[in-house]
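Let me begin by presenting the structure, written as structure tokens, before commenting on it.
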Amino acid sequence: DVGINLLLPGLILRPYGWTVHEAETGDQALEMLTILSVAYVLLDLNLPDVHGTDLLPRLKTMTHLKGTKVIAYTSYATSQDHERLASAGFDAVLIKPINTKKLLKLLE
């Protein structure tokens, strides 16, 4: 993601002891995730270079990320959107703008 939407999750999570890595594009995220093992990926759907639903299958093929939860990070809030994203393979949906309670609840 970009701007405050890129920075906000880290600003929320770091004080709770989480390690956060940020990428502005899908390509940057893929490059980063080839060497990192992470518990969660907060994946914006409207990245500058790729849609999150197109990036998700590539993440799911990375064997070292097996078990990693991928959360769609989006402004789409309808129940149909949630169902579509779940069908695409996302483990959860986080609606923008986020707040601390919602984000931490997803990561419990």
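Structural remarks
- Restricting attention to the stretch 50-108, the residues being out of contact with any strand residue (DSSP E or B) (no Cβ under 9 Å at 6 or more places or on another chain) and farther than 21 Å from M32 by Cβ number 13.
- Among residues of the stretch 17-58, those that are touching a Pro at 6+ places or on another chain (Cβ under 9 Å) and open to solvent by less than 80 Å² (accessible area, probe 1.4 Å), counted: 5
- Filter pass, D49 being over 23 Å from K105 (Cβ atoms) and acidic (D, E): yes
- Considering residues of the stretch 88-97 that are in a loop (DSSP other than H, G, I, E, B) and of a type outside the set (K, R) only, the residue surrounded by the fewest Cβ atoms within 10 Å (Cβ to Cβ): P97
- Filter pass, R84 being touching a Phe, Trp or Tyr at 6+ places or on another chain (Cβ under 9 Å), open to solvent by 80 Å² or more (accessible area, probe 1.4 Å) and free of Cβ contacts under 8 Å to residues at least 12 places away in the same chain: yes
- From the list T61, T78, T100, the one residue that fits, being over 27 Å from E31 (Cα atoms), of a type in the set (V, I, T) and open to solvent by 60 Å² or more (accessible area, probe 1.4 Å), is T78.
- All conditions but one from (1) within 19 Å of I4 (Cβ to Cβ); (2) at pLDDT 95 or above; (3) open to solvent by less than 20 Å² (accessible area, probe 1.4 Å) apply to V70; the one that does not is (1).
The values are calculated or read from the model by the stated rules, or taken from the named source; none is laboratory data. Bear in mind that the values here come from a model prediction, so they are computed numbers and not experimental data. Heads up, the Cβs are rebuilt from the backbone with ideal geometry, glycines too, and the neighbour counts pull from every protein chain shown. Accessible surface areas use protein heavy atoms only, side chains included; no ligands, DNA or RNA. Shrake-Rupley method; radii C 1.70, N 1.55, O 1.52, S 1.80 Å.
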